[in-house]
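First up is the structure itself, then whatever we jot down about it.
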Amino acid sequence: MTRDCLQFLRSGRVVRLNEFLPRTTVLDWLRESERSIGTKEGCAEGDCGACATVVVREHGGRLVYVPVNSCITLLGQLDGAELITVEDLADDGELHPVQAAMARQHGSQCGFCTPGIVMSLFAHYHACNGATTREAINNVLAGNLCRCTGYRPIVDAALEACAEAADDRFIRSATARLQALRSLDDKADLFVGNDGSFFAAPVSEQSLAQLYARHPDATIVAGATDVGLWITKKLAPIEKVIHVGRVAGLSSIEATSEGYAIGAAVSLARAAPMLGSIDPDVAEVLRRFGSIQVRACGTVGGDIANGSPIGDLAPMLIAMGASVELRREERVRTLPLESFFLDYGKQDRQPGEFVRRLFVPKLAPGTHFRAYKISKRIDEDISAVLAAFCLKIDAGRISEAKVAFGGMAGIPKRAQAVEAALRGLPLAAMLRWHEASDAVGVDFTALTDLRASAAYRLRVARNLVIKALAEIAGAESDTTRIAGRRMIADAAG
Ligand SMILES: Cc1cc2nc3c(=O)[nH]c(=O)nc-3n(C[C@H](O)[C@H](O)[C@H](O)COP(=O)(O)OP(=O)(O)OC[C@H]3O[C@@H](n4cnc5c(N)ncnc54)[C@H](O)[C@@H]3O)c2cc1C
Ligand code: FES
Ligand code: FES
């Protein structure tokens with residue numbers, strides 16, 4: 001069954017649209033078509049949170065409130081969801097508890113960032129259910145930039161508003177809204193437009209495979225945290241969009257005795273607890289991945305399929321020995337993740353082939369993992385270098401080594417000379433650690449760009465080899481790390 005109109009909930013009504021440009025963003029629709037201008041545009045690239053809205057969907061029988069940057073979210077991604085904006089919060093003229101606390105605490109000066117901040121806090125108000133902390137709020141606000149008020153009163157307002165369990169008109173109307181959302185869930189493929197220009201959101205993997213085989217020139221969109229910027233910054237004339245967010249088979253996570261199979265469309269927020277359980281450094285890198293809005297939309301598959309040399313997941317997953325599963329029509333194939341990246345901007349993916357799943361093995365006993373994200377800013381910044389180490393120690397010697405770097409070449413890549421220098425090295429032989437760190441220069445010719453110079457990248461990558469060895473040999477992370485301490489000491493060292 002195919003439906004030819006987009007449908008979503010907004011302010012208590014169902015919006016149905018059978019004509020819109022496939023690249024229309026939620027923000028443009030709000031401001032230009034709906035004339036809901038409370039939601040602001042700041043950066044138009046997902047960084048500042050001025051455009052934050054909340055998207056509500058049903059998960060496990062309850063409503064989940066997710067903060068979303070509307071500037072880089074495509075209108076079609078709203079299919080089957082409820083969109084809440086700052087205009088919706090007040091109840092019969094009375095401010096929402098989050099808005100009232102912001103006013104009481106003087107959390108707004110020029111007010112430009114305020115609608116976005118209020119929406120991020122509104123999502124947190126519903127998510128935390130009266131149990132929050134200053135740290136959690138700082139995390140929630142990492143993607144909302146305020147240039148004039150300062151964060152102290154904003155955080156105080158959040159602490160005040162979120163001190164009690166959520167009790168607002170959204171809680172009181174939850175049952176009716178849940179019913180309304182369920183009635184939109186017709187399990188039909190969405191196709192709005194024609195063969196030359198369309199927004200499609202298939203529900204089954206089979207429909208996705210057939211549609212993409214028919215239109216291999218279409219742009220696959222998962223969370224749009226990359227594609228959204230092609231539209232707003234590069235003004236890319238994208239005419240055919242296939243959104244994979246509704247494909248059930250791509251949204252599942254399976255745990256097996258060997259590891260995890262993660263669907264390509266699983267968001268980074270959903271994948272984080274499970275990937276983070278493999279090692280605390282993975283948890284910390286994911287906590288620093290973009291912002292809460294970026295992690296809510298951005299997907300595991302998107303961070304791999306984009307082939308970015310500075311994506312955070314790829315080097316960590318390569319060092320762990322992950323593999324990627326691809327599908328084109330009926331043909332499914334699996335390859336080691338490291339082989340997927342061929343050259344800058346080039347992956348081993350055929351026309352009409354999509355990323356289906358990633359297989360991430362658990363760490364073998366005796367294996368030590370470390371990952372370090374080097375960026376100019378701790379939160380919401382892209383890596384200049386990301387280094388990941390997976391070392392197996394037998395009787396005090398390194399018996400196996402997998403080391404991968406992001407930011408050091410045109411693709412995320414294993415450091416084979418470093419690995420060769422590590423294999424067989426006695427861990428306690430500090431004076432020989434430089435043999436491995438010097439080998440970084442054999443593996444990589446680093447590049448200079450706006451994030452870092454080649455010399456800086458080379459120096460930092462070498463130092464990270466030493467840091468990993470020092471930590472695995474037993475140095476406490478409060479002596480090796482200035483910020484982002486290793487969260488839990490691993491049993492083996
Ligand atoms: C403010 C901001 C901060 C960010 N911070 C980070 C960061 O800290 N670390 C980091 O690594 N990245 C970061 N990113 C980049 C981005 O969020 C990630 O790359 C994210 O994982 C992309 O996922 P997505 O689902 O949004 O991809 P999309 O934008 O939907 O797609 C990205 C690419 O992958 C393709 N694609 C997506 N899914 C599939 C599939 N199943 N099969 C085939 N092709 C597919 C698309 O066609 C496109 O080419 C940031 C982005 C923003 C805007
Ligand atoms: S306008 Fe800055 S994140 Fe959307
Ligand atoms: S109140 Fe002015 S930018 Fe935040």
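Worth a mention:
- Ranking of C297, C148 by solvent-accessible surface, largest first: C148, C297 (1.4 Å probe, protein heavy atoms only, all chains present).
- For N194 and W230, the FRET efficiency from 1/(1 + (r/R0)^6), where r spans their Cβ atoms and R0 equals 22 Å, is about 0.50.
- Accessible area of the stretch 394-440 belonging to carbon and sulfur atoms, whole % at 1.4 Å probe: 57
- As a rough guide to protection, the peptides 50-61, 178-189 ranked by mean Cβ packing within 10 Å, highest first, stand as 50-61, 178-189.
- Dipole magnitude of the stretch 1-103, debye to nearest 20 (Cβ charges: Lys/Arg +1, Asp/Glu -1, about Cα centre): 240
- Sorted on the mean count of surrounding Cβ atoms within 10 Å across their residues, most packed first, peptides 367-373, 207-213 read 367-373, 207-213.
- Most simply put, the chain has about 85% antiparallel DSSP beta bridges, counting only bridges with both residues inside it.
- 15 Å cut-off, amide nitrogen to a point 7 angstrom out along E45 Cα→Cβ, residues in the stretch 344-388: 376-377, 380-384
- Taking each residue as 0.36 nm, the span from Q210 to R459 lengthens on full extension beyond its C-alpha to C-alpha distance by 84.8 nm.
- Annotation for D478 and D438: the two label points, set 7 Å from Cα along the Cα-Cβ direction, are 3.6 nm apart.
- What the Cβ-Cβ distance of V332 and R104 gives, at R0 = 41 Å and to the nearest 0.05, is a FRET efficiency of 0.15.
- Think of a 1.4 Å ball rolled over the protein heavy atoms: the stretch 330-402 then has 47 Å² of accessible area per residue.
- Gyration tensor verdict on the stretch 132-175 (Cα atoms; rounded if a/c is under 1.5, prolate if a/b is larger than b/c, oblate otherwise): prolate
- Listed peptides 231-239, 100-108, 160-168 by packing density, highest first (mean Cβ within 10 Å): 100-108, 160-168, 231-239
- Distance (nanometres) between label positions extended 7 Å along Cα→Cβ at E87 and E254: 4.5
- Portion, in percent, of the accessible area of the stretch 188-336 that falls on carbon or sulfur, probe 1.4 Å: 54
- Under 13 Å from the Cα of K346 - aspartates and glutamates, other chains or at least 8 residues apart: E338
- Heavy-atom accessible area ranking, 1.4 Å probe, most first, across W230, W433: W230, W433
- Note on the stretch 339-396 and the stretch 284-326: Cα centroid distance 8 Å, given to the nearest whole angstrom.
The values are calculated or read from the model by the stated rules, or taken from the named source; none is laboratory data. Since this is a predicted model, take the numbers as computed values, not measurements. Don't worry about glycine lacking a Cβ; one is built from the backbone with ideal geometry, like all the others, and counts go over all protein chains shown. With ligands, DNA and RNA removed, areas are computed over all heavy atoms of the protein, side chains included. Shrake-Rupley method; radii C 1.70, N 1.55, O 1.52, S 1.80 Å.
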